[in-house]
Structures are given as structure tokens and as C-alpha cells.
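The numbers here are math on the coordinates, done by the rules we state, and not lab data. Because the structure is predicted, anything quoted here is derived from the model rather than measured. Cβ coordinates were reconstructed from backbone atoms using ideal geometry, including for glycine residues, and neighbour counts include every protein chain displayed.
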Amino acid sequence: MPHSVRIHETGGPEVLRWEEVPDADPSAGEIRIAQTACGLNFIDVYHRTGLYPLDLPTTLGMEAAGTVDAVGDGVTEFAVGDRVAYAAVPVGAYTDQRIIPAHRVVKLPDAVSDQMAAALMLQGMTAEYLLRRTYKVQPGDTVLFHAAAGGVGQLACQWLKQIGATVIGTVGSDEKAELARAQGCDHAIVYSREDFVARVKEITDGKGVPVVYDSVGASTYEGSLDCLAPRGVLVLFGQASGPVPPFNLGLLAQKGSLYITRPTLMTYTASREDMLESSGALFDAVANGLNVSINQTYPLKDTAQAHRDLEARKTSGSTVLLP
């Protein structure tokens, strides 16, 4: 029988249960995947705690990879034996066998292993839409990326160097500054002891940057606005320090006719065409040297411990759960 990691109520890691689930065949338009690797992301914690509510009971998880072992009627894009991966909605990746709509899945190139795909898809496609579509970074641009040593940040630093941009990143420690620099960050600002606004102005000769990518939220957004050049774009794609509070939009006019946006991966990969464009660009970047560091793995049945370690900041790089 297949097994999944499910929750019946929200709470701490102890609510994660390793359960048998019914075996089933795919319906029309669906495929069944024998999963070999599942990704672990902080959004999974938000789902588990109820910060981002889900209908319960449910299986958690946003990304995974494996091999197609059955196809439903009408599915022509996939065949049994294809290596595939997916990210984003629908939730339910923490399982060893999954039925999923075929239009949410992409084929994997030979150069991308199952574990790499499970660690790469969600954060990698996030980096893709941020850098190529929310604000299309051009060669020669100087950009500010908060949390440059985080999962998305490391991929973004690598990708920005492929584009030919200059990367300014904020980090929380000297150790993380070294990590960010190793991924391509040109200027790593340790925000705990440096004023990142003053440093950005110094680096840019007072001009500011055309775009700031901010996943921190409440504690950084005001400074992020102050780092922007006239008509610059603040891209808020997370809220690690809490949500941005309501503020007077007149500030955007006062600070130079600025723009602000709050995008999500779900919107940017909602259509089949967008999903294929995003994953295709990601796989091209991998072919050009983009890499993800998988620094720890856990058996899928030990997902509760993986959550504990993630929340305690005992993990680094990416984590993969193995069915």
C-alpha cells in the first residue's frame, strides 16, 4: 500500500502522520507517479501550522520527482517510464505514489536527477519568474536581493550572474555572506551591523537600484523602497519577518514614482504554457551551470524530524525527503 505524510489538525511537527493511503488508478487527464524524492520548503510549515489554511485532513508538500507508472485516458504528453517533476499547486507531494493532473507536471532532462529536481523546482521556478518576468533583469543592471544566502537567494545570485547583472545581497552573518559570495553575490551586506540602505546608495553612487527583491517583508520594506531608483520596482514575494502593514500609497509618489507588486509562483505557473516556459528556462539555466546544494536528506517517514530541524535552523541549503 502507498504511504503519505498527512495532517488531521494544524500544529507542531507532531501532527505529521505517516499513514497508509488507498491504492488508486489515474482518471482521465491524470498520471500516477512513483515518487523517488520530495522537496521540503518553509511553506510546508505554514501549511502545517495553519498560517496558510488548507482543508483537512490533507497530505502536505509542494514539489516532488519520480517516474510515471500509469496514465489516465486522454493523456498523450506522458508515457509510463517518463521521469517527471512538479512544483506548486495542488498540495500533496509528501507521498510515495501520487495521482496528479498531467498539466501540472513536466518531463525532466537527463542532466537533472530526481533529487535535484525535488530540491530545485519550487525555488528555481520562483527565481525564474522573479528575474525574467516580474521584473526582467537586463545585463548591466544592479539589483538588491534580500536573504541572498537563502534557498531562492542562492539560485537567484547564480542566475543573475548568468544574465550579467551586479548583485547586492543582504545576509544575516559573515558565514552567510561568504556563502552568498560563493553563489555570485558581488556585494554582501550583513544587515545586523550595516545599514543596507546606506550601503546600497554607496555602491550605486547614490542612484539606487531598479529593482529590489524582498522576501523578508515587515522589517525591510521601508528600507527597500529607499533603495530604489526613480520608477523602480519593489517585488515583495515573502514575509519572513511578518506581513507588510498598510501604508499610504502616496509614499510611492514621494519616493520617485515607484512600483510595488506581490507576486506568487502559483499565478506565474497557472497555465500550462507558463509552467512549461518557467521549467524550460530553469532547465536551460541548469545546463549553463545553475546548481542547488542538497545538504541533507531524510526518509519520508521521518518528515516530522525534518520539520523540527528546518524550524530550528539546523538545516542548510536544500533538504530532500526520500520515500
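In this simple spin-label approximation, L251 and K207 carry label points 7 Å from Cα along the Cα→Cβ vector, and these lie 2.6 nm apart. Among Y268, Y94, Y52, determine the one that fluctuates most according to a GNM of the chain built with springs between C-alpha atoms less than 10 Å apart. The residue with the greatest mean-square fluctuation here is Y52. Measuring r between the beta carbons of D174 and V21 and using R0 = 45 Å, the FRET efficiency lands at 0.45.
Take the Cα radius of gyration of the chain and divide it by 2.2 N^0.38 Å, N being the number of residues; the result is 1.02. For a straight C-alpha distance cut-off of 14 angstrom, the aspartates and glutamates reachable from K201 (same-chain residues fewer than eight places away being disregarded) are D226. Each Lys and Arg adds +1 at its Cβ and each Asp and Glu adds -1 at its Cβ; summed about the Cα centre, the chain shows a dipole of about 820 debye.
So which residue, out of D214, D284, D114, gets the largest mean-square fluctuation from a GNM of the chain using Cα contacts under 10 Å as springs? Maximum among the listed residues: D284. Peptide packing for 55-61, 9-15 was compared via the average number of neighbouring C-beta atoms within 10 Å per residue; ordered from the highest value, the list is 55-61, 9-15. Beyond 27 Å in Cα-Cα separation lie the following of the pairs K161/K207; K136/K207; K161/K314: K161/K314. Specify whether the C-alpha gyration tensor of region 171-250 places it in the rounded, prolate or oblate class, a ≥ b ≥ c being the square roots of the eigenvalues: rounded for a/c under 1.5, otherwise prolate if a/b is larger than b/c and oblate if not. Oblate, since a/c reaches 1.5 and b/c is not below a/b.
Maximal additional length on extending the N288-A312 stretch stands at 5.3 nm, based on 0.36 nm per residue less the C-alpha distance. Anyone know which of A147, A253, A229 comes out most mobile in the 10 Å Cα GNM of the chain? Answer for the Gaussian network model of the chain: A253. Using only side-chain charges placed at the Cβ, +1 for Lys and Arg and -1 for Asp and Glu, the dipole size of region 79-233 relative to its Cα centre rounds to 500 debye. Residues E273, E222, ranked from the fewest to the most other C-beta atoms within 10 Å, line up as E273, E222. Label reach from T10 (point 7 Å along Cα→C-beta): in region 56-70, amide nitrogens under 13 Å belong to 56. Straight-line reach only, C-alpha to C-alpha below 16 angstrom: list the aspartates and glutamates that K107 could link to, leaving out same-chain residues fewer than 8 apart. Here the aspartates and glutamates satisfying the reach criterion relative to K107 are E30, E63, D69, E77, D82, E273, D274, E277, D284.
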